[in-house]
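S.K.: Below you will find the structure I want to go over with you.
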Amino acid sequence: RVFHPSARSGDRLWAICDTLAATGYNVAMPSLFGDKPFDLVVNGPDDGDFEKFNSFAQDGGVAWFKSMSYDKVGPPVKVAHDYLKEQSDDKLPVGVVGFCFGTWLLSKSSADLNFKCAVGCHPATTLESAVFGGDEIAMLNALRQPTLFLWAGNDSDIFVKDGEGKKALEKSG
């Protein structure tokens, strides 16, 4: 495990990986952030109420997000993907799970990698347009595998009713 020892999010994500591994899945989790994980670089709300915390506000972490461009964090995902393919005796398919930023990342890497399926929790795909200047809906329309997003009440409304994000996910299978 190559994570910053003080990052709170690493423990939670490792626990999920450990649970998946304990049920028999081969699991790889790339260390994307080095010594600059979000929860150590960006100060959250003093009262701990993250529901009212705007991580996209100028003091909320836009600079951090910009420093984690796909050019920087995409290659470690490819290494993890390729490693899992190599480790599989019978060349089993590789799926991907992402949380928040990781959902944006799995959406971006879908165009480059051959995932069998994808699951994204609390999707922050809005990063594509809000931070990186890309087209979020075009990114979602380019998903190459069946994809399920599990969104929370404070996530983008593009995934509900007849939103363009919901349509893109339905099209992905």
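S.K.: With a 1.4 Å probe and every protein chain left in place, tell me how much accessible area Lys116 has, in Å² to the nearest 10.
M.R.: Rounded to the nearest 10, the figure is 130 Å².
S.K.: What pairs in Lys91/Lys116; Lys36/Lys85; Lys78/Lys116 have C-alpha atoms more than 20 Å from each other?
M.R.: Lys36/Lys85
S.K.: Measure of size requested: the Rg and Dmax of the stretch 64-173, with Cα atoms as the atom set and Å as the unit; please supply both.
M.R.: Over the stretch 64-173's Cα set, Rg and Dmax evaluate to 13.7, 43 Å.
S.K.: Here's another thing I want to ask about it. Of the listed peptides 94-102, 149-157, what is their order by residue-averaged count of other C-beta atoms within 10 Å, with the highest listed first?
M.R.: 94-102, 149-157
S.K.: How charged is the neighbourhood of Asn114? Take every other residue with its Cβ under 12 Å from the Cβ of Asn114, and add Lys/Arg as +1 and Asp/Glu as -1.
M.R.: +3
S.K.: Averaged per residue, what accessible surface does the stretch 96-161 expose to a 1.4 Å probe, in Å²?
M.R.: Spelled out: the 1.4 Å probe surface of the stretch 96-161, per residue, equals 44 Å².
S.K.: Okay, moving on. Quick check: pseudo-label points 7 Å beyond the Cα along Cα→Cβ at Ala138 and Tyr83, how many nm apart are they?
M.R.: Distance between label points: 3.3 nm.
The values are calculated or read from the model by the stated rules, or taken from the named source; none is laboratory data. Computed from a prediction, not measured in an experiment: that's the story for all the values here. Cβ coordinates were reconstructed from backbone atoms using ideal geometry, including for glycine residues, and neighbour counts include every protein chain displayed. Ligands, DNA and RNA are stripped out before the accessible areas are found, and what is left, the full protein with its side chains, is counted by its heavy atoms. Shrake-Rupley method; radii C 1.70, N 1.55, O 1.52, S 1.80 Å.
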